[in-house]
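Engineer: Submitted below is the structure of interest, expressed as structure tokens.
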Amino acid sequence: MQKKLFVISDLEEGIKKLQQYVNIGFTEIVFTNSSPDRKKFVDILTKIYDVINNP
């Protein structure tokens, strides 16, 4: 499997980059955060999850 690294800084960008992998059947995607703003990271991921799983 090929490794990919994505930098996501906002909701729309995250949805665009991750939706394609969900569409082809990925069921596990690992996220990590290097920003000191953990709350923003969790908020963006929560919103991405909601959009991707409730089209």
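Engineer: Taking the Cα centre of the chain as origin, sum charge times position over the Cβ atoms of Lys and Arg (+1) and Asp and Glu (-1), and report the length of that vector in debye to the nearest 20.
Structural biologist: Dipole magnitude for the chain comes out near 160 debye.
Engineer: Something else about it: How much accessible surface does F41 have with a 1.4 Å probe, in Å² rounded to 10?
Structural biologist: In the full protein context, F41 sits at about 60 Å².
Engineer: Hey, any idea what % of the chain's accessible area is carbon plus sulfur with a 1.4 Å probe?
Structural biologist: Percent of accessible area from carbon and sulfur atoms in the chain: 56.
Engineer: Please give every one of the lysines within straight-line cross-link reach of K47, meaning a C-alpha to C-alpha distance under 21 Å, and leave out same-chain neighbours fewer than 8 residues apart.
Structural biologist: Those lysines meeting the cut-off are K16, K17, K39.
Engineer: At q = 0.15, 0.21, 0.24 Å⁻¹, what log₁₀ I(q)/I(0) does the chain have when each alpha carbon counts as one equal point scatterer in the Debye sum?
Structural biologist: Listed by q, the Debye log ratios stand at -0.42, -0.82, -1.06.
Engineer: How much accessible area per residue does the chain have, counting only protein heavy atoms and a probe of 1.4 Å, in square angstrom?
Structural biologist: Value returned for the chain: 89 Å² of accessible area per residue.
Engineer: Shifting gears a bit: Provide the net charge surrounding E13, with neighbours chosen by a C-beta distance below 15 Å and charges set as Lys +1, Arg +1, Asp -1, Glu -1.
Structural biologist: With Lys, Arg at +1 and Asp, Glu at -1, the neighbours total +2.
Engineer: What's the extension gain from F6 to N54 if we count 0.36 nm per residue and subtract their Cα-Cα distance?
Structural biologist: Going from the current span to full extension adds 15.0 nm.
Engineer: On a 0 to 90 degree scale, rounded to 10, what angle separates helix 38-53 from the longest Cα axis of the chain?
Structural biologist: Around 30 degrees separate the two axes.
Engineer: List the longest stretch of the chain that has no exposed loop site; here a site is one of the trypsin sites (Lys or Arg not before Pro) assigned by DSSP to anything other than H, G, I, E or B, with at most 11 other Cβ within 10 Å.
Structural biologist: In the chain, the maximal stretch lacking such sites is 5-55.
Engineer: Give the residue from L5, Y21, I44 lying farthest towards the positive end of the charge dipole for the chain; charges sit on Cβ (+1 for Lys and Arg, -1 for Asp and Glu) and the dipole is referred to the Cα centre.
Structural biologist: Looking along the dipole axis, the top candidate is L5.
The values are calculated or read from the model by the stated rules, or taken from the named source; none is laboratory data. Only a predicted model underlies this, so the values are computations on that prediction, with no experimental measurement involved. Note that each Cβ is placed from the backbone with ideal geometry, even for glycine, and that neighbours are counted across all protein chains shown. Side chains included, ligands, DNA and RNA excluded: accessible areas come from the protein's heavy atoms. Shrake-Rupley method; radii C 1.70, N 1.55, O 1.52, S 1.80 Å.
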